[in-house]
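Working notes, beginning with the structure itself.
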Amino acid sequence: MAQCKTTLRLESAEQSASRGVTGLAHLIVRVYGRSQLPHGSDCLFCKIVAGEIPSTSVLDTDHAFAFLDINPLAAGHTLLIPKRHYTTIDEMAPDDLCSVIEPLAGLVSAVKSATGAEACNILQNNGTAAGQVVMHVHFHIIPRSPRDGLGFRWNAGKYSEHQAEQVQQDIRAAMNKTGRNK
């Protein structure tokens, strides 16, 4: 596993937010900078799982760990992570992924019950271009209520003629090529 260089870069929460970095990610950016965050033995989430960094845990199984985000978007904002280090979800073996998300439905139900939320967003940013800042697979469970002010941007588009069929074929071919088509 490659090691990254650690640099100290301090910035305010406002500076981080102006770049789209919030929550636990802000704390990490303060210490490591956004360009290359640690992974593996230096990974913040691996250290949380190992008990080297304190957390407010709400779930601990053989394969998964969940804890409250230290800078929540809403009260009860919870992170569900695999105990084993993976950078992105597509690196995970199917059995490992199943073991990690197995408690997800119960966790969502518990977060909603504990917070009185009507709904939850379940988010997983997979890679830097998708907004992943902590390079350890994690799922955000964010309790939501009407008029909570959180918002969500979804700029939906449309496929051109025959484009959906071509994309469908390309995805199916890629799934067959990787052998992960089950």
Determine which aspartates and glutamates satisfy two conditions relative to Lys83: a Cα distance under 13 Å, and not lying fewer than 8 residues away in the same chain. Asp60, Asp62, Asp96
At R0 = 35 Å the Cβ-Cβ FRET efficiency linking Thr88 and Glu118, nearest 0.05, sits at 0.70
At a 10 angstrom cut-off on C-beta neighbours, averaged per residue, how do the peptides 147-155, 73-81, 118-126, 95-103 rank from highest to lowest? 73-81, 95-103, 118-126, 147-155
Using mean Cβ contacts within 10 Å as the protection proxy, how do 173-179, 51-57, 63-69 order, highest first? 63-69, 51-57, 173-179
For Lys177, which aspartates and glutamates qualify as cross-link partners when the Cα separation must be under 17 Å and same-chain residues fewer than eight apart are set aside? Asp90, Glu91
FRET efficiency for Ala75 and Lys177 from the Cβ-Cβ distance with R0 = 41 Å, rounded to 0.05, comes out at 0.40
Can you tell me the length gained on complete extension of the stretch Asp170 to Ile53, counting 0.36 nm per residue apart and subtracting the Cα distance? 37.8 nm
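Every read-out reported here was derived from the displayed coordinates using simple, explicitly stated rules and does not represent laboratory data. Values in this document were obtained by computation on a predicted structure and should not be read as measured data. Cβ atoms come from the backbone with ideal geometry, glycine included; neighbour counts cover every protein chain shown.
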